[in-house]
Structures are given as C-alpha cells and as structure tokens.
Amino acid sequence: MSLNLRQKQTECIARMLNLNQPINASSTTANEEVYKILIYDRFCQNILSPLIHVKDLRKHGVTLYFLIDKDRNPVHDVPAVYFVQPTPNNINRILSDAYRSLYHSFHLNFSTSIPRPLLENLASGTLASDSIQRISKVHDQHLEFITLEDNLFSLADKSCFVQLNDPSAGDREIEGIVEKVVNGLFCVLATLAVVPIIRCPRGS
C-alpha cells in the first residue's frame, strides 16, 4: 500500500473545512450550501498554503478567510472554522471573538493536542462570558507539520539543529525541543494512520 502524506493531509483539511463531517466520495467537495469563514494563525497558514488554494476554499464553502490576530467584523449568520496552534494567545483571541459574538458558531480545530490547562481556560472563559453555546466543536487535528511533496514534510523549526548543538543549552531547553520534534512526528504518523516499527541495536 502506497502512503501519500500530501494526499492524507489534504483529506484531513478538507474534512475539517466540512465541519469535520464526511465528504461525499463521488464529488470530494463539501456541502456548498454551508458557507463558512476560515480563521487561522501564521503557522497553520503555512500548513494550508502548499495544499489548499483559493479555488479549493471556495469549493469547500469557505467564502472569507482571515488571520486570527487581525481585526475582523462580525458575520453573525455563518459558522467559523478555526485552525490554529493551541497557544495562550490564540485561546485568548478565541475567547474574545466568542464574547463579541463575531460568528454564529465556532468550530475549533487545533493543529495538535491542546494542553489541559488551555482547554480549561477555554471552558471557563466561555462560561464566564456566557458564550459557551457558540462553541460547536473542539478537535485536535494532529496536523502540525508542513507537507512539501507527496512524501516530504518539514516540522518548520528552522533553529532546531542549532539549538540541539548549542553547548550552552540547558536540559529544559533540550527536552522542549525533543518534545516538539516527537509531537511533530506523532502528527505525521497519526495523519498516515500507521504505527511505526522502531529498530535499534541491542543495548543501545
């Protein structure tokens, strides 16, 4: 069986744009009657750019798309699909958008697993602002990597090699880098839906 990472990631993104509902296999398009807005951060914009073009967004019912850190006007009668990294800044911006009722409903998609403290902040913040009813779904997409070719990807960490080989780097910094790399590789495997076979010499 041939594994095409680019195709797999594109399929995951298409399903996300279809509000995480299955797409008609015969047309490979979303329900065109459900118009929506796409909100993303810089990192997720880089994930989308090699895979999805403007015409593809239109095909999946996306009529408008914005960066999350830009000022946006309310569009009360349409759902919004968020595709962002699970960071404190992004959570705070989502809470602000929900409080201001910018969109009819919020479909939150995180590029990787959202840490429990941030998830609790999201829940408590929407409860406090009485906007929790606008949060329709929360999904961990495990897409935190950039596919450049069919089977070529990047974790998009330009300073990783330098940091790992920096003599002054402390254990905490090294562990943070390794954890980020492991998380990125896990996202690749989860997207491919495969379990790796790891081989190493005995005693190593």
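Just so it is clear, none of the values below were taken in a lab; they were calculated from the coordinates. Here the structure is a predicted model, which is why all the values come from computation and not from measurement. Positions of Cβ are generated from backbone atoms using ideal geometry, with glycine treated the same way; all protein chains shown enter the neighbour counts.
Based solely on C-alpha atoms, express the radius of gyration and the Dmax of the chain in angstrom.
Expressed in Å, the Cα Rg and Dmax of the chain come to 18.5, 61.
Quickly work out the residue 194-to-residue 181 label distance, labels modelled 7 Å from Cα along the C-beta direction, and quote it in nm with one decimal.
Placing both labels 7 Å along Cα→Cβ, they lie 2.0 nm apart.
For the chain, what is the charge dipole size about the Cα centre, in debye to the nearest 20, if Lys and Arg each add +1 at the Cβ and Asp and Glu each add -1 at the Cβ?
320 debye
Please work out how much length the chain gains when fully extended from residue 150 to residue 70, using 0.36 nm per residue of separation minus the C-alpha to C-alpha distance, in nm with one decimal.
Working: separation 80, 0.36 × 80 = 28.80 nm, distance 3.22 nm.
Going from the current span to full extension adds 25.6 nm.
Under a plain spin-label model, where a point goes 7 Å from the Cα along Cα-to-Cβ, how far apart in nm are residue 136 and residue 53?
Once both label points are built, they end up 2.8 nm from each other.
Would you list, by chain and number, the lysines whose Cα falls below 19 Å from the Cα of residue 180, excluding same-chain residues fewer than 8 positions away?
Straight-distance partners of residue 180: 158.
For the residue pair residue 35 and residue 128, what label-to-label distance in nm results when each label sits 7 Å from Cα along the Cα-to-beta-carbon direction?
Those two pseudo-labels are separated by 3.5 nm.
How do the peptides 68-77, 101-110, 120-129, 7-16 rank, highest first, by the average count of neighbouring beta carbon atoms within 10 Å per residue? Don't jump to the answer; show the numbers that get you there.
Numbers: 68-77: 11.3, 101-110: 20.2, 120-129: 14.7, 7-16: 18.5.
Ranking, from highest mean packing down: 101-110, 7-16, 120-129, 68-77.
If you take every DSSP beta bridge whose two residues both sit in the chain, what share of them, in percent to the nearest 5, is antiparallel? The partial results should precede the final answer.
Details: 3 of 24 bridges.
Around 10 percent antiparallel, to the nearest 5.
For residue 118, put the label point 7 Å out on the Cα→Cβ axis and report which residues of segment 60-104 keep their amide N under 12 Å from it.
Label zone hits: 83-94.
With a length cut of 30 Å (Cα positions projected on each helix's long axis) and a Kyte-Doolittle mean of at least -1.0, go through the chain and give me the DSSP H helices that pass. Can you show the working numbers first?
Details: long enough: 171-192 (32 Å, 0.77).
Qualifying helices: 171-192.
When the Cα centres of segment 126-204 and segment 41-108 are compared, how far apart do they sit, in Å?
Each part reduced to its Cα centre gives a spacing of 22 Å.
Which FRET efficiency value, to the nearest 0.05, do you get for residue 159 and residue 20 by plugging their Cβ-Cβ distance into 1/(1 + (r/R0)^6) with R0 = 35 Å? Could you put the intermediate results ahead of the total?
On the way: r = 33 Å, r/R0 = 0.95.
For residue 159 and residue 20, the calculated efficiency is 0.60.
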